[in-house]
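For reference, the structure discussed in these notes is given below.
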Amino acid sequence: MTVHNPRILILDRSAGLRAQVADVIDDLRPRPEIVTCERVEEAGECLTERGPFEVMVAGPSMGEAAGLAQLRVIHDELPAMPVILAFDHRPDAHLRDLVQTGAVDLLQLPVHDKEVAESIQRAIELARKLEAPEARVIDQLPLAPPAPVETPARTLGQVVTVASATGGCGKTFMATNLGYFLARHSGKKVCVVDLDLQFGEVSTALRLKPRFTIYDALQRDDSEEGDLAHHIVEYLVPHETGMYVLAAPKDPSEADRINPPDVTRIIQAARAHYDYVVVDTPSALTEIVLAAFEGSERLFVMATLDLPSVRNLGVFLTTLEKLKIPTDNIRLILNKAEADVGIEISQVEKLFPQGFEAVLPYAKEVSRSINLGMPVLASSPNAEVSRNMVPPMAALLPEGHLARVAPPAAAPGPGFFARLFHRPQPRTS
């Protein structure tokens with residue numbers, strides 16, 4: 001019988017843990033192969049593309065509620081992969097929560113090399129016992145190449161954040177339409193998180209009356225029941241278009257009790273249940289907003305065609321660069337574009353070489369859609385503003401779904417730019 005080298009995935013950014021595991025496996029036979037995943041959000045991709053693995057070692061960064069929730073998602077998809085938890089403090093969680101991660105051992109760091117080696121050896125032996133009979137038969141065939149084994153792990157949802165440096169740029173308008181678009185065309189689960197904690201407008205724009213808010217979800221998480229990822233779905237309200245909304249606090253004073261780590265926990269918990277998480281933020285670069293930026297895979301930054309908004313957009317982007325926040329996932333959207341306002345789009349584009357992914361006209365259909373409590377993409381799909389916002393949104397869809405997005409029929413007549421800057425000639429009698 002041919003015994004292949006077991007493979008171990010270390011899920012943590014701790015160099016010390018990786019070094020200790022690398023040291024102790026030298027005495028194991030056959031010697032295991034180690035693969036490291038430092039970024040938690042890339043765990044699903046690593047498991048899918050670089051797996052399968054016999055054992056996963058989850059380090060200290062996975063010891064909080066959000067990390068345990070992600071481990072549970074992985075275990076649901078890969079129940080036969082034993083997990084070793086190696087934490088530097090006792091997790092603030094129930095024993096049931098640890099069991100649901102697939103944990104077969106819990107190591108308290110710092111720990112002696114002998115304990116680490118014994119724990120890994122036991123986990124490998126257990127993994128081999130759980131191995132499918134078909135895989136063992138294939139393994140016994142002489143000179144036969146190993147059969148490919150697929151390990152489809154459920155990846156955490158994508159986070160898309162909408163922001164602006166100035167108020168009134170249409171962040172909520174963009175966020176709600178994006179939520180609708182993704183729910184409609186991806187066929188996946190979509191959650192819109194209203195992170196404008198003091199004056200959130202997502203519920204108002206969609207004419208929802210949520211019973212609970214972000215604040216309520218966090219209050220319960222701080223209680224004995226804990227585990228935000230488990231119960232967050234209970235605090236969302238569905239919209240008739242298919243998306244779900246986690247509302248901002250009803251009382252602005254509650255916003256002061258929500259801190260950046262809370263925001264991270266909320267977003268991570270939502271990602272565990274929803275394929276897309278759209279985050280609507282206030283028009284400021286606070287620590288709360290920066291916490292949302294950190295886990296975002298795409299950031300839409302809104303501006304309007306006026307000097308204060310354009311100037312603040314430049315300051316906003318420069319500040320992100322100074323804060324070392326990656327800017328390659330930023331897409332600029334110019335909203336409420338009108339003719340004869342003293343500034344032209346071409347002038348603004350010269351200031352921002354990356355260009356604008358979409359230019360949206362000032363449209364009465366938008367006001368009507370808000371009064372109806374429906375995204376304009378749903379209430380007026382053929383409107384010019386709807387057609388113009390589709391391309392940057394469609395770029396978020398998987399390839400297979402992208403082809404299914406049929407562009408709304410264009411209205412006859414000259415294009416948007418031609419009409420926007422066309423000055424009608426005075427009539428002659």
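Quick notes
- Segment 233-330: GluC sites (Glu not before Pro) in DSSP coil with no more than 16 other Cβ atoms inside 10 Å: E240, E297
- Remark: the D23-Q219 segment gains 66.2 nm on full extension, using 0.36 nm per residue and subtracting the alpha carbon distance.
- Environment charge of R50, counting only residues whose C-beta is closer than 11 Å and scoring Lys/Arg +1, Asp/Glu -1: -3
- Fully extending the segment from K209 to S367, taken as 0.36 nm per residue of separation minus the present Cα-Cα distance, adds 54.9 nm.
- Dipole-positive endmost among L98, S14, V35 within segment 7-140 (Cβ charges, Cα centre): L98
- Estimated from the Cβ-Cβ distance and a Förster radius of 22 angstrom, the FRET efficiency linking E125 and V35 is about 0.65.
- Mean-position separation - Cα centroids, segment 316-371 and segment 12-90, in angstrom: 42 Å
- Built amide H within the under 5 Å cut-off of V193, gap 5+: L246, V278, V279, D280
- Where labels lie 7 Å past Cα in the beta-carbon direction, separation of T286 and V99 in nm: 4.1 nm
- Normalised contact order of segment 178-322, rounded percent, pairs of Cα under 8 Å and 6 or more residues apart: 31 percent
- FRET efficiency for the pair T327 and L307, taken as 1/(1 + (r/R0)^6) with r the Cβ-Cβ distance and R0 = 35 Å, rounds to 0.95.
- Counting beta carbons within 10 Å around each of D251, D12, D275 and listing the fewest first gives the order D251, D275, D12.
- Spatial separation of Cα centroids for segment 239-256 and segment 181-207, in angstrom: 9 Å
Computed from the coordinates by the stated procedures, all read-outs in this text should not be read as laboratory data. Nothing here was measured: the structure is a model prediction, and the numbers come from that model. Cβ sites come from the backbone with ideal geometry, for glycine too, and all protein chains shown count toward neighbours.
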